[in-house]
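The values are calculated or read from the model by the stated rules, or taken from the named source; none is laboratory data. Because the structure is predicted, anything quoted here is derived from the model rather than measured. Every residue, glycine among them, receives a Cβ derived from its backbone with ideal geometry; neighbour counts consider all protein chains shown.
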């Protein structure tokens, strides 16, 4: 997992379990044609959009909003 994905993982872990955070990152990285070692800053917008959708579906709107606010700090 590269530094960028590690930052994303830490943000997700603040609201989700470690395992869930890792799965969400891996699944959504693959969905954009990358993995957690090759995601770049240029991929961030698309990756975060997908991650927030996953969080919304499994954790609800409030959790997704809290995570989005934290993501705004790494863009």
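Per-structure values
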| item | result |
| --- | --- |
| Qualifying positions in region 34-75 - without any contact (Cβ under 8 Å) to a residue 60 or more places away in the chain, outside any helix (DSSP H, G or I) and in contact with a helix residue (DSSP H, G or I) (Cβ under 9 Å, 6 or more places away or on another chain) | 34, 35, 36, 37, 38, 39, 40, 73, 75 |
| Positions within region 15-32 being surrounded by 12 or more Cβ atoms within 10 Å (Cβ to Cβ) and part of a loop (DSSP other than H, G, I, E, B), in sequence order | 15, 16, 32 |
| Conditions (1) crowded, with 17+ Cβ neighbours inside 10 Å; (2) modelled with pLDDT under 95; (3) closer than 19 Å to residue 2 by Cβ; number of the one not met by residue 59 | (3) |
| Region 33-46, residues that are surrounded by 15 or more Cβ atoms within 10 Å (Cβ to Cβ) and more than 15 Å from residue 7 (Cβ to Cβ) | 34, 46 |
| Any hit, region 64-71, residues being farther than 16 Å from residue 4 by Cα, surrounded by 14 or more Cβ atoms within 10 Å (Cβ to Cβ) and modelled with pLDDT of 95 or more | yes |
